[in-house]
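See structure below.
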Amino acid sequence: MIIATAGHVDHGKTALIRALTGVDTDRLAEEKRRGLTIELGFAWLPSETGEPLGFIDVPGHERFIGTMLAGVAGVDMALLVVAADDGVMPQTREHLAILQLLGVRELALVISRCDLVDDAQRERVVEQLQALAAEAGWANADVWRVSSTSGQGIDPLRQALLARAERRQVRPSDSPARFMIDRRFSIAGAGCVVTGTLVSGRLQVGQTLWLHGQEVRVRSLQRASSEVVEVKAGQRCALNLGGAVSAEQPQRGDWLSEQVLPLSDRLDVSLAQLPHSHWHRGVLQLHLGTAIHSVRVVLLDEAAGLAQLMLEQPAAAVWGDRFIIRDPAANTTLGGGRVLDPQGLRRGRSHPQRLAWLSAWAAASMPGEVMASALLQGAVALPELALKLNLSADQLEQLLPAEGLIVLAAAGHRVALTVEASEARWQRLAERLADWHQQHPELLGPGEGQLGLVGCLQLPLPVARQLLQRWQAEGRLQRTAWALHLPDHRPQLQAGDAELLARVAAELAPGGLRPPIVGELASALGIELDVLKAFLQRMQRAGELVAVAPNRYYLPSQVEGLVAVARQLVADSPSGSFNAAEYRDASGIGRNLTIQVLEYLDRAGVTRFVREQRFLVAG
């Protein structure tokens, strides 16, 4: 269990930790000289259960709010310390607001220096602090009256904290590891050491993690000054790192992660603005984890508390990460909130559908609720969502509904959508095809490019093709060569075209897989070459003929024969592939035509050419 102190400067936070643990967290000479905490201090309190309590001592001076924020990020509980002889002060209020914005659930109110005041003064401070805490959402926070000098109230507070640690709900450790660094130093003979909190997952000695896209290795782990082999989510520890470490990295603010999380300079967030805060469009400070970023805030829907944070330098974040926004010029805290989408949109960020999507994610409290709301909004790219939620692929799969879902996978994409979302896409496609047929009655149908397939289905092209194949298998859609069309559509040929097409087909069909070239066809039909070429091109657009090569046209049934040869070769091959020579021998069409046919099959998406071999494309 990790506990942070909070409160105004010189209200006794360091003395309280020293009284509870016996450890003086002021380690710097300047801290000793000035009598205030400048850097984060850490102390441990052993427990009978074997799980020690970790204490983080944060600065109270307004100049060191950034360091204070680094200390309270990711803690389980906070002790708000107020001196009985001073009462509530400016940093008391600001620290309390920060704890509220960061979502710290457990709060205890500690009245320090009780030996310096009478009972009436002490109780006035208690009443004032309780009212302030209740207004911030901690109406039932425990109050402890202590003196670190005399020891008054220290033992009962210590026992209460130990008992609270035993009742603490352990964070699940099955998500990928994310480690938040708040300190870095070097030890002779060991090298780079970082300290921080394991926000999710678990760490083991020898494990590989990612730092700025480079690999580092956990050489050793230490918790509560003792060597350990494993650390679980919610625990504080020190890591001795090897691998891609340098004088510049890692530093406070960096994350070590088990997955390579994408960087983004736009975060879509749920934002709470503190009362009486003065916002402006200039550069503000974003405190995310233990890092500080320069940021501009764009309100997307002020009433709903939705905003986009535009960072000067990209950062890695996941859904649910807490943050604080401060005005560095005025040295005041303005607000804070939660990250909703770490990959914020550049265009369409204020579109009503997008705002509805963000509102649903803001209302969600668990990854399963995020998944459910995402599916209601449309197609879900599963690998991308797994990274946004910091889940493994298997964890995300477990969140998928057992029924009413279609999962499409192709070319590295894996997309899930509900049956209802699939039907809505079919309706859009069917309407677009019907309009096309009405406008071009002489043509069989459009190709993918003419149809605007990606824009119509709002899916990556490989996945969109899979959905087309499903509809083809269901009989809703037909595809002839490159043309997509509704099953009941037939092109309306121009006057005389039907008769000439029958004559052309009579000449092509006997040729089997090697029909005559255009010149031979013109001679056989007694038609001028230019006239025949125009006719053949017109018939290709109508879907009646297929130009496999510039000078050679096939009937659709003949093209099916070409595909059948490829399929048979793949079926008979141990490697599931074939080369040009094998296709030439199996088809008997000769070397030059074989090259033209195979290039056509590649263009048509039937085969894929890889290192002199051809493979069938899935579906």
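Mind counting the residues in the range 334-383 that are buried (at least 21 other Cβ atoms within 10 Å of the Cβ), part of a loop (DSSP other than H, G, I, E, B) and assigned by TED's automatic domain parsing to the domain that holds Ser277?
Residues meeting the conditions: 2.
Checking the structure you have, find out if any residue of the range 576-584 is within 28 Å of Gln478 (Cβ to Cβ) and either in a helix (DSSP H, G or I) or over 45 Å from the mean Cα position of the chain (by Cα) (or both).
Yes, because at least one residue in the range 576-584 is within 28 Å of Gln478 (Cβ to Cβ) and either in a helix (DSSP H, G or I) or over 45 Å from the mean Cα position of the chain (by Cα) (or both).
Need at least 1 residues that are closer than 28 Å to Pro367 by Cα and assigned by TED's automatic domain parsing to the domain that holds Glu369 per element, so show me which helices (runs of 4 or more DSSP H) inside the range 390-458 make the cut, counting only ones lying wholly within it.
393-399, 419-439, 453-457
Answer yes or no: is there a residue in the range 257-278 that is β-branched (Val, Ile, Thr), surrounded by 23 or more Cβ atoms within 10 Å (Cβ to Cβ) and more than 19 Å from Glu384 (Cα to Cα).
Scanning the range 257-278 turns up no residue that is β-branched (Val, Ile, Thr), surrounded by 23 or more Cβ atoms within 10 Å (Cβ to Cβ) and more than 19 Å from Glu384 (Cα to Cα).
Pro250 passes all but one of (1) at pLDDT below 90; (2) buried (at least 21 other Cβ atoms within 10 Å of the Cβ); (3) over 23 Å from Leu391 (Cβ atoms); which number fails?
It fails just one condition, (1).
For the range 544-558, give me each residue that is in contact (Cβ under 8 Å) with a residue 24 or more places away in the chain and either among the aliphatic types (A, V, I, L, M) or touching a His at 6+ places or on another chain (Cβ under 9 Å) (or both).
Matches in the range 544-558: Leu545, Val546, Val548, Ala549, Leu555.
Within the range 324-333, how many residues are touching a residue at least 60 places away in the same chain (Cβ under 8 Å) and crowded, with 22+ Cβ neighbours inside 10 Å?
So the count comes out to 3.
The conditions are (1) of a type in the set (Gly, Ala, Ser); (2) within 25 Å of Pro550 (Cβ to Cβ); (3) free of Cβ contacts under 8 Å to residues at least 24 places away in the same chain, and Ser573 fails exactly one of them. Which is it?
Just one mismatch for Ser573, condition (2).
Taking the range 304-323 as the search range and keeping residues that are in a loop (DSSP other than H, G, I, E, B) and of a type outside the set (Phe, Trp, Tyr), which one is surrounded by the most Cβ atoms within 10 Å (Cβ to Cβ)?
Out of the qualifying residues, it is Ala317.
Would you mind telling me which numbered condition in (1) part of a strand (DSSP E or B); (2) buried (at least 20 other Cβ atoms within 10 Å of the Cβ) Gly234 fails?
It is condition (1) that Gly234 fails.
Conditions tested, residue by residue: (1) surrounded by 15 or more Cβ atoms within 10 Å (Cβ to Cβ); (2) modelled with pLDDT under 90; (3) of a type in the set (Asp, Glu).
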position: Leu389; (1), (2), (3): yes, no, no
position: Asp394; (1), (2), (3): no, no, yes
position: Ile406; (1), (2), (3): yes, no, no
position: Ala411; (1), (2), (3): no, yes, no
position: Leu459; (1), (2), (3): yes, no, no
position: Arg476; (1), (2), (3): no, no, no
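Identify, please: which residue in the range 439-456 is crowded, with 16+ Cβ neighbours inside 10 Å and within 14 Å of Ala542 (Cα to Cα) and is, among those, modelled with the lowest pLDDT?
Leu443
From the list Thr37, Thr25, Thr5, Thr49, pick out the single residue that is among the hydroxyl-bearing types (Ser, Thr, Tyr), modelled with pLDDT of 65 or more, within 39 Å of the chain's Cα centre (by Cα) and under 27 Å from Arg326 (Cα atoms).
Thr5
Tally time: how many residues in the range 167-213 are modelled with pLDDT of 90 or more, in contact with an Asp or Glu (Cβ under 7 Å, 6 or more places away or on another chain) and part of a loop (DSSP other than H, G, I, E, B)?
Here the count works out to 3.
For the structure I just gave you, tell me whether Gln596 is outside the structural domain of Met539 (by TED's automatic domain parsing) and touching a Pro at 6+ places or on another chain (Cβ under 9 Å).
yes
Would you please list the contacts, defined by Cβ atoms under 9 Å and residues six or more apart or on different chains, that run from a residue in the range 6-26 that is under 18 Å from Met77 (Cβ atoms) and outside the structural domain of Ala160 (by TED's automatic domain parsing) to a residue that is in a helix (DSSP H, G or I) and among the hydrophobic types (A, V, I, L, M, F, W, C)?
From the range 6-26, no pairs qualify.
Considering Gln130, Gln159, Gln100, Gln91, which residue is at pLDDT 90 or above, under 41 Å from the mean Cα position of the chain (by Cα) and not in a strand (DSSP E or B)?
Gln130
For the range 540-564, enumerate the residues that are surrounded by fewer than 21 Cβ atoms within 10 Å (Cβ to Cβ) and either within 44 Å of the chain's Cα centre (by Cα) or closer than 16 Å to Leu444 by Cα (or both).
Matches in the range 540-564: Gln540, Arg541, Ala547, Leu555, Pro556, Ser557, Glu560, Val563, Ala564.
I'd like to check something: does the range 66-82 contain any residue that is under 32 Å from the mean Cα position of the chain (by Cα), surrounded by fewer than 21 Cβ atoms within 10 Å (Cβ to Cβ) and modelled with pLDDT under 65?
yes
Please indicate, with yes or no, whether at least one residue in the range 237-253 is outside any strand (DSSP E or B) and either of a type in the set (D, E, K, R) or assigned by TED's automatic domain parsing to the domain that holds Glu51 (or both).
yes
The values are calculated or read from the model by the stated rules, or taken from the named source; none is laboratory data. Please read these numbers as outputs of a predicted model, since none were measured by experiment. Backbone-built Cβ (ideal geometry, glycine too); neighbour counts: all protein chains shown.
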